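The values are calculated or read from the model by the stated rules, or taken from the named source; none is laboratory data. Model, not experiment: these values are computed from the prediction. Every residue, glycine among them, receives a Cβ derived from its backbone with ideal geometry; neighbour counts consider all protein chains shown.
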Amino acid sequence: MPQPSSWVYRMTTNFTRPAVHRRLGEVHGLHHVPAQPPYILVPNHTSFFDHLVIDAVFFPLAGKKIFFLTKREAFENVITRFWHYSVGAIPVDREKPSRKELRKVDATLAEGHPVCIYPEGTRGPGTVLLPFKEGAFYFAAKGRVPLIPVAIQGANEVLPKGAWRFREAKVTVRIGEPLYPPKGKVREVATHLAKETRRALTDLLNTKPEITQQDFDNAHKILQLAEQWVDAYLVNGQEQWLERAKGLLALPHLAEIPQAKWLNLRIEGIKLRQGQAWLRLMRAGGLKSQIERLLNELGPHPLGHYMLGVWYRDMPRAFGGNLSLALEHFRKAHRLAPEEPRFKRALMEIKELHYA
């Protein structure tokens, strides 16, 4: 049975992540994120909405809960304390953190989690960066953990200071290259990292990147990760793999790529096939229409024909199932991607059924 804190975390992110996705205008630099945590995220800070943006953008890539250094005052109330602990907040005295607090951060990084630390220490005006506090850079230098600068713009328009309701505005996220701690004494390395991070964040905030061919190439590589995660889910059934894939596919620039559209439909089909029989029959027609619409819009695609083949193969005849049409679509899928083992296997199996 899930722990209460896990339930609160799940309920919170089920609400906040879609809310963030609807308000993301641009996300640049996803390819800079290391394949595996731990790492320390160092964003500028203008709004509480920054926390939600960091979670929605980085959870799919990290695959683990992201922890946030949070002012100790936020834990004074019993209810807010439980909620903050549930969503990954680590209490810290912003002026003079205790050894216990420092050890908690070190332990979280050692367990392989990403940790988000706002180097300004508090919310700034958004026009200029406030002076940096040394915490993030001390942890990076001590633990030999990379820092990832993250520029967030527009969060304070979605949720201004003191507001409780999300407003309709667009947020831009720019992720910089990781900054790896050089060798040296911890304090000297921390000072060096602070200077480099400030320079990187300032550049990210003041430079508007243009979409290049390399951006599209990087986007396709990231989509390959999403495909691998869907395949991993089919092997081990762990829900997190689908959750990560869906989160990645919801990010701007990726969502509009044809392969992302097909992958989203594939996930929808997987979830539908695992539902109850009456639910499959109710929703199957809508899924088929979406697949056919996308084929008409984007042209022939092996995954589209494969999914139509599965639809005609698995649906009862009274509801539109047809082995001849399934065979036709599996042939098209195999012709478009002859090396794909799924399509080969489906074609061989349907031939046996069709000619039996």
So GLY237 fits all but one of (1) crowded, with 16+ Cβ neighbours inside 10 Å; (2) farther than 19 Å from ASN14 by Cα; (3) within 24 Å of the chain's Cα centre (by Cα); (4) not acidic (Asp, Glu); what number is the exception?
(1)
Residues that are among the hydrophobic types (A, V, I, L, M, F, W, C), part of a loop (DSSP other than H, G, I, E, B) and out of contact with any Phe, Trp or Tyr (no Cβ under 6 Å at 6 or more places or on another chain), drawn from segment 151-190:
ALA163, TRP164, PHE166, ALA169
Please name all residue pairs, on different chains or six or more residues apart, with Cβ atoms under 9 Å, provided the first residue is in segment 240-269 and is under 15 Å from PRO302 (Cα atoms) and outside the structural domain of LYS65 (by TED's automatic domain parsing) and the second residue is hydroxyl-bearing (Ser, Thr, Tyr) and surrounded by 20 or more Cβ atoms within 10 Å (Cβ to Cβ).
ARG266/TYR306
Residue pairs, Cβ under 7 Å, 6 or more apart or interchain, first in segment 30-44 and more than 17 Å from ASP55 (Cβ to Cβ), second part of a helix (DSSP H, G or I) and among the aliphatic types (A, V, I, L, M). List them.
HIS31/ILE222
If we keep just the residues of segment 82-99 that are crowded, with 17+ Cβ neighbours inside 10 Å and either more than 25 Å from the chain's Cα centre (by Cα) or not in a helix (DSSP H, G or I) (or both), which is modelled with the lowest pLDDT?
PRO97
Name the residue that is nearest to the chain's Cα centre (by Cα), counting only residues in segment 311-356 that are within 16 Å of ILE291 (Cα to Cα) and free of Cβ contacts under 8 Å to residues at least 24 places away in the same chain.
TYR312
THR127 vs (1) touching a residue at least 24 places away in the same chain (Cβ under 8 Å); (2) under 30 Å from ARG22 (Cα atoms); (3) hydroxyl-bearing (Ser, Thr, Tyr): all pass except (1)
Residue tally, condition touching a helix residue (DSSP H, G or I) at 6+ places or on another chain (Cβ under 9 Å) and among the hydroxyl-bearing types (Ser, Thr, Tyr), over segment 107-153:
2
Among the residues listed as LEU193, LEU129, LEU102, the single one being closer than 24 Å to PHE49 by Cα and either in the same structural domain as GLU26 (by TED's automatic domain parsing) or part of a strand (DSSP E or B) (or both)
LEU129
Filter result (surrounded by fewer than 18 Cβ atoms within 10 Å (Cβ to Cβ) and part of a helix (DSSP H, G or I)) within segment 247-260
PRO258
Only residues that are assigned to a loop (DSSP other than H, G, I, E, B) and more than 23 Å from THR16 (Cβ to Cβ): list them for segment 226-246, please.
GLY237
Check THR46 against each of (1) assigned to a loop (DSSP other than H, G, I, E, B); (2) modelled with pLDDT under 90; (3) of a type outside the set (Lys, Arg) and name the one condition it does not meet.
(2)
Restricting attention to segment 124-145, does a residue exist that is within 17 Å of ASN44 (Cβ to Cβ), within 19 Å of the chain's Cα centre (by Cα) and surrounded by 17 or more Cβ atoms within 10 Å (Cβ to Cβ)?
no
Does ILE79 meet the test of being β-branched (Val, Ile, Thr), part of a helix (DSSP H, G or I) and without any contact (Cβ under 8 Å) to a residue 12 or more places away in the chain?
yes
Restricting segment 277-317 to residues that are outside any helix (DSSP H, G or I) and in contact with a Leu (Cβ under 7 Å, 6 or more places away or on another chain), the residue that is surrounded by the fewest Cβ atoms within 10 Å (Cβ to Cβ)
PRO300
